[in-house]
1. Restricted to segment B:58-80, and to residues that are at the interface with another protein chain (Cβ under 9 Å from one of its Cβ atoms), free of Cβ contacts under 8 Å to residues at least 40 places away in the same chain and not aliphatic (A, V, I, L, M), which residue is surrounded by the fewest Cβ atoms within 10 Å (Cβ to Cβ)?
2. Of everything in segment A:51-64, what is modelled with pLDDT under 95 and in a loop (DSSP other than H, G, I, E, B)? Give them in sequence order.
3. Looking at B:L42, B:L27, can you tell me which residue is within 10 Å of DNA strand C (Cβ to nearest atom), outside any loop (DSSP other than H, G, I, E, B) and surrounded by fewer than 18 Cβ atoms within 10 Å (Cβ to Cβ)?
4. Looking at B:R5 and the list (1) open to solvent by 30 Å² or more (accessible area, probe 1.4 Å); (2) more than 7 Å from DNA strand C (Cβ to nearest atom), which single condition is not satisfied?
5. If you check A:S86 against the conditions, is it small (G, A, S) and either away from DNA strand C (no atom under 16 Å from the Cβ) or under 21 Å from the mean Cα position of the chain (by Cα) (or both)?
6. What about A:L96, is it within 14 Å of chain B (Cβ to nearest Cβ) and either in contact with an Asp or Glu (Cβ under 6 Å, 6 or more places away or on another chain) or free of Cβ contacts under 8 Å to residues at least 60 places away in the same chain (or both)?
7. Tally up the residues in segment B:112-142 that are over 22 Å from A:P7 (Cα atoms), among the small types (G, A, S) and touching a Ser or Thr at 6+ places or on another chain (Cβ under 7 Å), please.
8. Just the residues that are under 27 Å from B:H137 (Cα atoms) and outside any helix (DSSP H, G or I), please, taken from segment B:75-113.
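The values are calculated or read from the model by the stated rules, or taken from the named source; none is laboratory data. Just so it is clear, the model here is predicted, and its values are computed rather than measured. No Cβ is skipped: glycine too gets one built from the backbone with ideal geometry, and neighbour counts run over all protein chains shown. With ligands, DNA and RNA removed, areas are computed over all heavy atoms of the protein, side chains included. Shrake-Rupley method; radii C 1.70, N 1.55, O 1.52, S 1.80 Å.
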There are 2 protein chains.
Amino acid sequence: MAANRRPTLADVAREVGVSAKTVSRVLNEDGPASAETREQVLAAVAKLGFQPNLMARNIRVGGPDTTIGLVVPDLGNPFFGAVARSIEDTVRDRGLTLLMGSSADDPDRERALTDKFLSRRVSILLVVPSVGADHSHLKTHRATGLPVVFIDRPGVGLAADSVVSSNRTGAHDGVAHLIAHGHRRIGFVGDLPVKLYTRRERFAGYRDALERAGLPYDRSLVTNAHDQQGASAATSRLLGLADPPTALFAGNNIVALGIVAELARSRRKDVAVVSFDDVPLAEALEPALTVVAQAPEEIGRTAATTALSRLDGDRSRARTITVPTRLIVRGSGERPAPELQRA
Amino acid sequence: MAANRRPTLADVAREVGVSAKTVSRVLNEDGPASAETREQVLAAVAKLGFQPNLMARNIRVGGPDTTIGLVVPDLGNPFFGAVARSIEDTVRDRGLTLLMGSSADDPDRERALTDKFLSRRVSILLVVPSVGADHSHLKTHRATGLPVVFIDRPGVGLAADSVVSSNRTGAHDGVAHLIAHGHRRIGFVGDLPVKLYTRRERFAGYRDALERAGLPYDRSLVTNAHDQQGASAATSRLLGLADPPTALFAGNNIVALGIVAELARSRRKDVAVVSFDDVPLAEALEPALTVVAQAPEEIGRTAATTALSRLDGDRSRARTITVPTRLIVRGSGERPAPELQRA
DNA sequence: TTGTAGGCGTTATCAA
DNA sequence: TTGATAACGCCTACAA
């Protein structure tokens, strides 16, 4: 039960009777080595179960480590799960390993995570910025060549690349779709906090659509929710108004779940719904859920390739890349307004 | 635009005019330091933006790094996303950082990931074993004190802890529920490959339930699917049989999505369904989806706490911890069989 | 083809 | 209270 030390290069060298450098050469296919030496070394490596210490190697070689740091609000949110998978797929053949953490949208936790990643000398930093976070502390790192890419929302206080969805036009399109089907009172259920970038942009798209259609903006139709239960409650509140909305626009996937659940619970089939971001089983609902779909895989891939090209020396100006959304018509967004109001 | 070196302990020391060790002492609150020195050091640290190199520190200190390695089949699967979040929550206050990777259920990729993690000297290894993977190569590491915990499925060739759902009894309960509602021909749509541990266990539970009820086992009612589309196809195939099932049991969450989608598409309201593993919006379906719910948060937490207690010196025998599942009755599992067959 | 010396950034040890 | 020296495991540079 001895907690034995892991074997080192020197242990392997001793086993074979050569110098550590020779072992290093064989393993890294650096410099020459006689066939016999090579064979003996490999045998000893297998026998001892030697695995090179990547941290020691990195210390010596200098430069960034072969890791990539990723901060998301919540590992359990399917949207960020899909983004993370896509990032991993993209960087795999570069041999990069993923360091991940959830910020819970807390700037302090985000900072703690990025600091840890920086202390580990990650080669790339990918961050979904939390509300209220400031990223000016990353300036020095950017200057020394660390690629930083913001995902889903732009960063604050730092000129770095970001990859976001077409939130404003996407939301506009979804709301315009409802208007096209005769709705004049359209509720908006957004995320919290209201300062959240995606919430602001999507809300702006909502107002754009109203304005272009010449519809009045009614503040009482706008509400917010932090989670699925909150969205259900918000839905119920909206529908209980004296002059309730005939359609609802969901500001994100979690909110959509809450709205749909509440409508099912109260057996309200007459309320039209369009959601920003797709959800599983959207097609199996009755009616199926019309959504403005995001492309998490493309977002992740774009963020990763952008970061990699920076790593490879791309010094062009920081870009904001907008990944288009797509309206998927399935039924819930096409329920007609119960009565077309007279002008 | 100079790609400047990151500041080191020596840089800070030079700035203040003390030795590197003194700076180290201040930062680690090791040994004594005069108030003045401390203040000067902290000022210099802030000025230079010094962040200790965790890799260098670890080299010197020896022992495992403050990272934890986690291998899952797919970062994008909500089940594993929930498990990962729960693990992170559990280890956060120990200061551990998560190293993650997707194996795609490929033993080679799993091995590549674990090898990378081991080369990084993770303090804990958490693995969802791939089908066909062998874990005997981890014996040495276990012997040197590395905690290894398998999640969702037991490992092969290594006596280590594992945390799994009560697959067999859970599946039994779900199928028995269908039987109790009069169904005698119950289709089973499992995952692929059929050798997958969870698939085998759940299938065994299915057969248990049939046997206890004295129902015949009909091989033509058993099918499998790799993804949602495959599950839809399998569903359609089963329902097209000459003597089709009146109820379906879904072997996992992805399969459930496929079954529900296909039933919605073909407007089959008469087929009863119970799913192993819960899905979002299950309550909003019509009828709502009856499930055998797993507890991913509890699975993650249990795996993490087990590993931490091993890290803290627990040398007791390896355990297999079974996290109970729970039948959630919502409607789809209670649709009665169309006609009760005569005995 | 192989080995030696030295250093990466940090901390342990011992001395001052 | 502080510092010099050595060492962690590995690689670079140079020499043999």
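1. Checked segment B:58-80; the qualifying residue surrounded by the fewest Cβ atoms within 10 Å (Cβ to Cβ) is B:G62.
2. Hits for segment A:51-64 are A:G62, A:G63, A:P64.
3. Values: B:L42 fails: within 10 Å of DNA strand C (Cβ to nearest atom).
Step by step, each of B:L42, B:L27 is checked, and only B:L27 is within 10 Å of DNA strand C (Cβ to nearest atom), outside any loop (DSSP other than H, G, I, E, B) and surrounded by fewer than 18 Cβ atoms within 10 Å (Cβ to Cβ).
4. B:R5 satisfies all of (1) open to solvent by 30 Å² or more (accessible area, probe 1.4 Å); (2) more than 7 Å from DNA strand C (Cβ to nearest atom) except (2).
5. On the way: small (G, A, S): yes; either away from DNA strand C (no atom under 16 Å from the Cβ) or under 21 Å from the mean Cα position of the chain (by Cα) (or both): yes.
In short, yes.
6. Numbers: within 14 Å of chain B (Cβ to nearest Cβ): yes; either in contact with an Asp or Glu (Cβ under 6 Å, 6 or more places away or on another chain) or free of Cβ contacts under 8 Å to residues at least 60 places away in the same chain (or both): yes.
Answer is yes for this residue.
7. Start the filter on segment B:112-142 by keeping residues that are over 22 Å from A:P7 (Cα atoms), which leaves B:126-134.
Okay, now just the ones that are also among the small types (G, A, S), so B:130, B:132-133.
Adding the requirement that they be touching a Ser or Thr at 6+ places or on another chain (Cβ under 7 Å) leaves B:130.
Here the count works out to 1.
8. Answer for segment B:75-113, where residues must be under 27 Å from B:H137 (Cα atoms) and outside any helix (DSSP H, G or I): B:L75, B:L96, B:T97, B:L98, B:L99, B:M100, B:G101, B:S102, B:S103, B:A104, B:D105, B:D106.
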